[in-house]
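Beneath this line is the structure, given in structure tokens, with notes to follow.
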Amino acid sequence: MMLKEEVAARYKQIQNEICRGLEIADGKGKFEEELWERNGGGGGRTRIMQNGAIIEKGGVNFSAVHGKLPEAVKKAFNVTEDDFFATGVSIVIHPNHPLVPIIHMNIRYFELNETTRWFGGGIDLTPHYVFENDARFFHHKLKKACDEFSPDFYPKFKTHADDYFYIKHREETRGIGGIFYDRLKPENTNLSWEQILDFSINVGETFLPIYTELIDRNRDKAFTEQHKEWQYQRRSRYVEFNLVYDSGTKFGLETNGRIESILMSLPPQANWGYNVHPAVDTEEYETLQLLKKGINWV
């Protein structure tokens, strides 16, 4: 089996496992599947849950696409070849409960030819309210997943996530970061292709135990109307990041991707209050103090 076929097969399996696990964790919601084909080559399985017990809107998408690379993308990647192959699993979960965090994961593989190919991905967490114990638990789990492959991975990928998930025009991070990596290959990791694939799968398998634990810790906590208002306000920041900065969104739009799958990352509802500044010493104010780069959570 060629590497790209093995990657796609294992990514499909990850999608299946995560969907099953999230349905169990939610207790009510079920994923609806749409199979789609891309004009130009390949396709995918989009799975969406809406109005679950805890998951208001969640997407767990798999795609494996191939074809001709658009000029804009060739320029961005600084390559001259035309034929590309890309496969990945992409997840965004928006809970209805304001004390349960938004989570995002992406694992992906991109190939132009034998010499130009790489893995990318990561997991990051966007709590509406930052709880330090949850943040430490989340980062500890990610560090463990990274350390199995290299002691350099976590500090490097954590810094990369802090820098990447930064909303420049707001001067704040999207959430509490996580890990983010791109263009991993044997030359820059001291790992074989097979080991890099295993690392990618390991990141994928870290998602479910992390998120089910964070759901269970927070789903039964009481919340107020004010908590809900703040949740909608924080969701608007999520939207701003995804539409202005997110490279996956840009890549999808520029490669004539499936629009519903690309924009499944957006929440069902978000509010843009004018000039919102929480009072000092409120929970909301405390959260804003923790939306900064470079916080060491482990």
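With r defined as the distance between the Cβ atoms of GLU5 and THR212 and R0 fixed at 30 Å, what FRET efficiency is calculated, to the nearest 0.05? Calculated transfer efficiency: 0.50.
Taking all Cα-Cα distances within region 58-188, those exceeding 24 Å account for 39%. Rounded to two decimals, the Cα-based Rg/Rh of region 233-298, with Kirkwood Rh, is 1.08.
Fully extending the segment from HIS169 to GLU132 would add 10.8 nm, taking 0.36 nm per residue of separation and subtracting the current Cα-Cα distance.
Two numbers describe the Cα atoms of region 122-164: Rg and Dmax, which are 10.8, 32 Å.
Label-to-label distance, THR282 versus ASN296, with points set 7 angstrom from Cα along the beta-carbon direction: 3.3 nm. Rg then Dmax, both in Å and based on the Cα atoms of region 74-126: 15.7, 47. Given the choices [x] 31, 21, 19; [y] 39, 22, 17; [z] 31, 25, 15, semi-axes √(5λ) of the Cα gyration tensor in Å derived from the coordinates of this structure is entry [x]. Over all Cα atoms in region 1-132, the spread is summed up by Rg and Dmax: 16.8, 49 Å. Per residue, the convex hull spanned by the Cα atoms of region 174-227 amounts to 102 cubic angstrom.
Ranked by the mean number of other Cβ atoms within 10 Å per residue, highest first, peptides 113-123, 287-297 order as 113-123, 287-297.
Straight-line cross-link reach from LYS144 at under 18 Å between alpha-carbon atoms covers these lysines, not counting any fewer than eight positions away in the same chain: LYS156, LYS158. Computed in the context of the full set of protein chains, the accessible area of the chain at 1.4 Å probe radius has 50% of its extent on carbon or sulfur. Fully extending the segment from LEU243 to ASP220 would add 5.1 nm, taking 0.36 nm per residue of separation and subtracting the current Cα-Cα distance. Full extension of the segment from GLU187 to TRP36, taken as 0.36 nm per residue of separation minus the current Cα-Cα distance, would add 50.9 nm. Calculated accessible area for the chain comes out at 46 Å² per residue, all protein chains present (probe 1.4 Å; ligands, DNA, RNA ignored).
The values are calculated or read from the model by the stated rules, or taken from the named source; none is laboratory data. This structure is a prediction, so every number in the text was calculated from the model and none was measured. Every residue, glycine as well, gets a Cβ built from its backbone with ideal geometry; the counts of neighbours run over all protein chains shown. Only protein heavy atoms, including side chains, enter the accessible area calculation; ligands, DNA and RNA are left aside. Shrake-Rupley method; radii C 1.70, N 1.55, O 1.52, S 1.80 Å.
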